[in-house]
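Here the structure is laid out as structure tokens; the discussion comes afterwards.
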Amino acid sequence: MVDTQYSYTPTALGKISDTLTSIFAELQGEDAVYNRSANCNLIILVSGPQRLPALEQLIDALSLAHPSRFFVAFPDPSTSTVQASISARCHGLSKTEHVCSEVIRLSAAPAAFAGIPSVIRAHMLTGMPTEIFLYDPDVDIALIRAVAPLADSIFLDSQSFSTNFQKLAELLPLTRTVVDFSWVGLGVWREELKLGVNRCAAGLGRPQVRSIEIGFEGPSAAQPGALALLFAGWVVNRLGAAVLECGIDNCIRLCGADGSVIELKFVGSRSDQTERLSRVRLTLEAAGKEFTVEMLRAKLLETTVSGKDVHRATRPFEDESFEGRVRRHFFIGESLANYSGAVRVALKIRESLQSH
Amino acid sequence: MENPFAEGENRIIRPPGTAIVIFGATGDLTHRKLIPALYNLAYDDYMPSNFVVVGAARTPLSDEDFRKNLFESVKKHSRRTINDELWQRFSQNIYYQQLDGTSLESFVKLRERLQSLEKKRAETLNYLYYLATSPSFFGPIATNLRGAGLVEDPKAAARSTSLIIEKPFGHDLASARELNSVLRKSFAEEQIFRIDHYLGKETVQNILVFRFANGIFEPLWNHNFIDHIQISFCEDIGVGSRAGYFDQSGILRDIVQNHLLQILALLCIEPPYSLSDADAIRDEKVKVLRAIRRLKPEDVARQTVRAQYTKGFVNGESAIGYMEEKGIAATSQTETFAALRLEVDNWRWSGVPIYVRAGKRLAKRITEISIAFKRAPESLFRGRQVGELDQNILAIQVQPNEGISLKICSKPPGPRLRVRPVVMDFTYGHSFGVPSPDAYERLLLDSMKGDASLFTRDDEIEEAWDLLAPVLEQWALPAGGKVARPPLHTYEAGTWGPAAAATLLKEQKHRWRRL
């Protein structure tokens, strides 16, 4: 838990380094040492000041998992020039030793926004990894483009891009690595599908997938959101299948790697919660035999593999909150190997669904 | 050995009695650097027990007015706070002599003044002449010093007489040779101290200690383990009041030819036979400069990049472009950014690219040397969600925060095998509890002691110019001539330079380190 939060101190742009130094000088107590501890530059892009209160929680969570020099950049129409204010977040490693992240808030009216990347460049920690965190999807793409060359990776949550999913396509070319916390949250589903297919295909060679059904629940049952699209994108991409045409009722025909036709169907149900997967069902054929792998959201994730025999397995869901997924990424890590391919296919699926 | 008492006696910190004559005493360098440095030496008790500082310039000034002016400058620029009692004692040794650098008569008066000051002190003082003037005065001043009998034979005299000059040491090979030749008519090479203040910085001096006093690094210091080297000199300021001078020289002459090639030479030298003999180090540096592969005219466009800044933002403030700066010619082709790919063509460094870049109006002020070691084989980590392993980087920061860091790969805590880069840091302030002295302090102290190790010798200067000659020639080609002139790129103020600079490294799959 963050135990020391230094309040934001406004500072002149030319005094940012000095102010940081003086904050840490003030923090030092007789009984404890406060270490400036940052292993990366983390640039958080925000669409406006109204998002700042909620962002503070995220910064607390990130500073625990990923001590950084944070740059929080947002447009603020109330100021004509670039303004800076500085804070620090510390948590105790022991009674006498605290680890602190530094937070540099930068704001400017949209007209003066061009100055912000230069402040970030001037204060980045030398030689350290640099990451961009897209806190919300409404961040001006021009700002993202201006800052992206500074960074090795972009963090985002594609779930928040559900209404603007196409923006992901613009982001992918801007960076080498995208860390999508929705992707992180889907890890347990991907893992279970892998294990399920392992079970039914054991000793029978590569199975052919005949149909895929993805169930989701969320505010809109009409069309799949980012999560369902992303999962579908991953499945289709791993199968090496191509989108053929869109039928009715969120149903898509795919052409499998072997030329066979695969049916992909999204089944939505309305709920007040944010979008989440409710069910995944794959029909497969291996060595002339038909199998199904079905995963259902209950209290646990329940997987049933049916063929000659029936196998059941359960697995607890991990913390699916945003903070939980953030913690998971930084403390445990998640494979990002197939993410880009999954997004590309997800975008094609969405395009196909929308064109119908 | 000529002097049987010299062996083992190398602990002398306080130099012998010295009269320092500063030509250009009313100028910026004297006020911002030289007098504050001398004051700080006095503060640390390193000044000779008997010394005088004579400021010489055209402007008529009394000793008292000169001292008053200097007091204001020292208050502003000294790294130590002013101690009134010390200043009183220190400033009583400062005098002013009106002087015309082109008039022998002025120098005769200067000699009389020095003799009179020396007489009062009843001690034979060494004479140290600091030329803080425009280079056009170097020749006349040296000649007049000799003419007025103020230069003595280094081998025969009871006192030493030395000359310190500031860059630029010429603007190309021919003019550097000419300058050396003019100076040597009045002074022997061993009496000439060419100051490159970068060599006075603690981190630059530490390069030799770091390399040769640590058993773990020197065995790795070669092409078998080092992938490439980057030397970056970045300023966030523009040309400011130096526009007139800068537009005539450009950053290649202003920074690369001297500071950066000196750093490169120190990084790459073979162990000198001694650290006590100034020429032992300088001989090795010359060998490195000589071994840097000369660029053929056709290589220049491929291995160098030049650019000028355009308007942009530096640390949030809008900045005008180079062509909009006061005092810049409307047709200026002067580079404010230069990047080069060089290679030291010897056994140790064969195949190791050394990238050098210098620029004005970049994102921030930083000078850094980074040594990138070859990557570890990744086979162990393949399929382990590790991605590309970071290179180990040894970074030596020369300014603003002098220190050394080593980037290593480490496993973050947690159940999965992951790899993240972490940095081990050494900074002077934190480790030694004191900030580094200003480079001028060390260099002035050494020059008073007659130690030339940190000063540049004539052949080093000439080798450096020789190395850059093809670049300067190609960059100066007329537009629209038979041979295409390498392009002058542009970059937005506040960025890290032109895109072409990144392309320079791409061929070998390298990237500029993010500073």
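The values are calculated or read from the model by the stated rules, or taken from the named source; none is laboratory data. Quick caveat, the model's predicted, so the values are computed rather than measured. Methodologically, a virtual Cβ is constructed for each residue, glycine included, from the backbone with ideal geometry; neighbour enumeration extends over all protein chains shown. Ligands, DNA and RNA are stripped out before the accessible areas are found, and what is left, the full protein with its side chains, is counted by its heavy atoms. Shrake-Rupley method; radii C 1.70, N 1.55, O 1.52, S 1.80 Å.
Worth pointing out:
- Residues of the stretch B:270-304 satisfying the condition of being modelled with pLDDT of 95 or more, farther than 16 Å from B:PRO470 by Cα and open to solvent by less than 20 Å² (accessible area, probe 1.4 Å): B:LYS285, B:VAL286, B:VAL288
- Of the residues examined, B:LYS374 is one that is charged (D, E, K, R) and more than 11 Å from chain A (Cβ to nearest Cβ).
- Neighbours by Cβ (under 7 Å, 6+ apart or cross-chain): first from the stretch A:152-177, closer than 15 Å to A:SER47 by Cα; second open to solvent by 40 Å² or more (accessible area, probe 1.4 Å): A:ASP157/A:PHE322
- Answer residue from the stretch A:88-114, given it is among the small types (Gly, Ala, Ser) and buried (at least 21 other Cβ atoms within 10 Å of the Cβ) and is nearest to the other protein chains (Cβ to nearest Cβ) among those: A:ALA108
- Selected residue (criterion: nearest to B:ARG282 (Cα to Cα)) from residues of the stretch B:429-449 that are open to solvent by 20 Å² or more (accessible area, probe 1.4 Å), in contact with a helix residue (DSSP H, G or I) (Cβ under 9 Å, 6 or more places away or on another chain) and of a type outside the set (Val, Ile, Thr): B:ARG442
- Residues located in the stretch B:328-347, provided they are open to solvent by 60 Å² or more (accessible area, probe 1.4 Å) and either hydroxyl-bearing (Ser, Thr, Tyr) or under 26 Å from the mean Cα position of the chain (by Cα) (or both): B:THR331, B:GLN333, B:ASP345
- Restricting A:GLY256, A:GLY268 to residues that are touching a strand residue (DSSP E or B) at 6+ places or on another chain (Cβ under 9 Å), modelled with pLDDT of 90 or more and over 30 Å from A:PHE331 (Cβ atoms) narrows the list to A:GLY268.
- Residue count for the stretch B:479-514 satisfying the condition of being touching a Phe, Trp or Tyr at 6+ places or on another chain (Cβ under 8 Å) and of a type in the set (Val, Ile, Thr): 1.
- Residue in the stretch B:287-294 that is free of Cβ contacts under 8 Å to residues at least 12 places away in the same chain and either of a type in the set (Asp, Glu) or out of contact with any strand residue (DSSP E or B) (no Cβ under 6 Å at 6 or more places or on another chain) (or both) present: no
Yes/no matrix, rows are residues, columns are (1) open to solvent by 40 Å² or more (accessible area, probe 1.4 Å); (2) touching a helix residue (DSSP H, G or I) at 6+ places or on another chain (Cβ under 6 Å); (3) among the charged types (D, E, K, R); (4) closer than 30 Å to B:CYS409 by Cα:
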{"site": "A:LEU20", "(1), (2), (3), (4)": "no, no, no, yes"}
{"site": "A:ALA32", "(1), (2), (3), (4)": "no, no, no, yes"}
{"site": "A:ASN41", "(1), (2), (3), (4)": "no, no, no, yes"}
{"site": "A:LEU52", "(1), (2), (3), (4)": "no, no, no, no"}
{"site": "A:ILE59", "(1), (2), (3), (4)": "no, no, no, yes"}
{"site": "A:LEU64", "(1), (2), (3), (4)": "yes, no, no, yes"}
{"site": "A:PRO67", "(1), (2), (3), (4)": "no, no, no, yes"}
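- Meets criteria (open to solvent by 80 Å² or more (accessible area, probe 1.4 Å) and not in a strand (DSSP E or B)) for B:GLU123: no
- Hits in the stretch A:307-317 (condition: touching a residue at least 60 places away in the same chain (Cβ under 8 Å) and surrounded by fewer than 16 Cβ atoms within 10 Å (Cβ to Cβ)): A:HIS311, A:ALA313, A:ARG315, A:PHE317
- For B:PRO400: the one exception among (1) surrounded by 17 or more Cβ atoms within 10 Å (Cβ to Cβ); (2) within 30 Å of B:PRO435 (Cβ to Cβ); (3) not β-branched (Val, Ile, Thr): (1)
- In the stretch A:177-289, counting only helices (runs of 4 or more DSSP H) that sit wholly within it, the ones holding 1 or more residues that are out of contact with any helix residue (DSSP H, G or I) (no Cβ under 7 Å at 6 or more places or on another chain) and charged (D, E, K, R) span A:187-201, A:226-239.
- Residue list for the stretch A:130-146, restricted to those being open to solvent by 20 Å² or more (accessible area, probe 1.4 Å) and either over 19 Å from the mean Cα position of the chain (by Cα) or within 13 Å of chain B (Cβ to nearest Cβ) (or both): A:ALA142, A:ALA146
- Among (1) more than 14 Å from every other protein chain (Cβ to nearest Cβ); (2) open to solvent by less than 40 Å² (accessible area, probe 1.4 Å) - the single one A:GLU351 does not satisfy: (2)
- Only one of the numbered conditions (1) surrounded by fewer than 17 Cβ atoms within 10 Å (Cβ to Cβ); (2) within 14 Å of chain B (Cβ to nearest Cβ); (3) hydroxyl-bearing (Ser, Thr, Tyr) is violated by A:SER85, and that is (1).
- Taken together, the criteria place B:GLU105 among residues that are among the acidic types (Asp, Glu) and part of a helix (DSSP H, G or I).
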